Each structure stands twice: as C-alpha cells, then as structure tokens.
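Engineer: Let me begin by handing over the structure; questions about it come next.
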Amino acid sequence: MKLLLSDVLPRELIDLLRNYAEVVKNAASDFTRAITLLNDMRIGESRSLLADVIRLLDKSGEIKTNIEEGVANTSTDPGFKEEVLLLINMLDEIGDSIKETARELTILPFLELPEKLRKGLIELAYTASNSISILAESFTSFILGEYSKLDENFKEVIKLEEKADELQLKNRGLMLDFSDAIRPYAMQLLVYSLSEMLEIITDLAARTASRIRLIVKAWLS
C-alpha cells in the first residue's frame, strides 16, 4: 500500500517542506534567468539577479531549521526521521553550492574570457540549472505523493550529470588552450573553480534525486 508523506508527518511539517521546495524551485528559475542574461551580455542585470538568488537561499536557512526541529519532534520511526533529515541536508548542500557559484559569477570578468570558453561555461551553467529544476520537481512530487514521476526525473538528472562531465572535460581543455589569454593567473583559478562547482551541482542533484527514490521505495511503497 502506498503511503503519502502526509500520512507520517504532520500537516505543519508538510507545509514547511512545500515552502522549502518552492525556494529551491525559485532559486533554480532565477539562476537560469541570470545565466540567460549573462549569455546576452547583460552583465549588470545578471549580477543583480544572482544577488537575489543568494538572498533567497540565505532565507531558506530558517525554513531548514524549522523542518529539522519539526522532524526531530515527530513520533515517527527514527530511521525514517534520519532519512528525511539527510535529504534536507543534501538539498541544503546544493543550495550552498548554488550560492557559491552565484558569488563567483558576480565577480568574474566574464567578457574578458575567450568566446569559446564563455560559451562552454554558459552551457555548463544551463546544464546545472536544468538539473536543479528537475530535482525541485522530484522533491515536490515526493511531498505530494506523485511517486510515478520520480524514476523518469531521475533518468533525466543522470543524463544531465553525464553531459556536465563531458562539458567540464571540454572546458578544462579550453582553459589549457587559452591559458596565455587568461590573465592574471588568479582569473584562471576562478574560471576553473566555477566550472568545477557547476559540475559538482549536477553530481549533488543526481545523488539527491536518487535518495528521494530510495526513501520512497524503502519507506513509502
């Protein structure tokens, strides 16, 4: 018999989880819009939106704390509580990675990079933002009990993770090709860090999507 999350957690906690899912979804949407503006060379607008992403995710910390306290105070199975807390921490780790990426994008002199490398970073950023968006959908489906969507979403996130691996390797090659054109050396480090962080986001999204599926299969199916 399929169980809904609302069958084992109180309504107040479900509402907090839905609020948290909305924050992740909005952050992913704003991040995508910021990347689009960056691609259109509208640097000032992009940086402003990235700052909004950071502020939005900073506010999610209070929601996370309330969720953790709410889960700890429930009378449900301790093993299930541990699973939910782990899932929230994984989502929070993704939020931290998005914030760090947004900060690096706001200080990177993007227009000074070679065009091929700019395009490589943009494509990788889109891949990361798409993986976050799909993960947000999976988390919402988990909360609402729409479990049939989880497997397909997981497959999509895995495909994006594989694509990000390929793009990251390509970007590393471009960084070597254009090493003489990227000065000072600190900017090379910043570009490398940014590319690495974007790829890590897709890895985290894939692991979190997998965790959601496993929680459903182990506890709610």
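Engineer: Looking at (1) touching a residue at least 40 places away in the same chain (Cβ under 8 Å); (2) touching a Phe, Trp or Tyr at 6+ places or on another chain (Cβ under 8 Å), which is the only condition residue 157 fails?
Structural biologist: (2)
Engineer: Now for a separate question. Any idea which of 4, 105 is touching a Gly at 6+ places or on another chain (Cβ under 9 Å) and at pLDDT below 95?
Structural biologist: 4
Engineer: For residue 59, indicate whether it is exposed (fewer than 15 other Cβ atoms within 10 Å of the Cβ) and either touching a Phe, Trp or Tyr at 6+ places or on another chain (Cβ under 6 Å) or farther than 30 Å from residue 105 by Cβ (or both).
Structural biologist: The answer is no for residue 59.
Engineer: Just to be sure before I move on: is residue 170 surrounded by fewer than 19 Cβ atoms within 10 Å (Cβ to Cβ) and either touching a Ser or Thr at 6+ places or on another chain (Cβ under 9 Å) or in contact (Cβ under 8 Å) with a residue 24 or more places away in the chain (or both) in the structure I sent?
Structural biologist: yes
Engineer: If the Cβ limit is 8 Å and pairs must be 6+ apart or interchain, which residue in the range 52-66 that is closer than 17 Å to residue 32 by Cβ and of a type in the set (Asp, Glu) pairs with which residue that is part of a helix (DSSP H, G or I) and modelled with pLDDT of 90 or more?
Structural biologist: 52/30
Engineer: I've got another one for you. Out of (1) of a type outside the set (Asp, Glu); (2) closer than 24 Å to residue 218 by Cα; (3) buried (at least 19 other Cβ atoms within 10 Å of the Cβ); (4) at pLDDT below 95, the odd one out for residue 148 is which?
Structural biologist: Of the numbered conditions (1) of a type outside the set (Asp, Glu); (2) closer than 24 Å to residue 218 by Cα; (3) buried (at least 19 other Cβ atoms within 10 Å of the Cβ); (4) at pLDDT below 95, the odd one out for residue 148 is (3).
The values are calculated or read from the model by the stated rules, or taken from the named source; none is laboratory data. Just so you know, these numbers come straight off a predicted model, no measurement behind them. Using ideal geometry, Cβ is built from the backbone for each residue, glycine included, and neighbour counts are taken over all protein chains shown.
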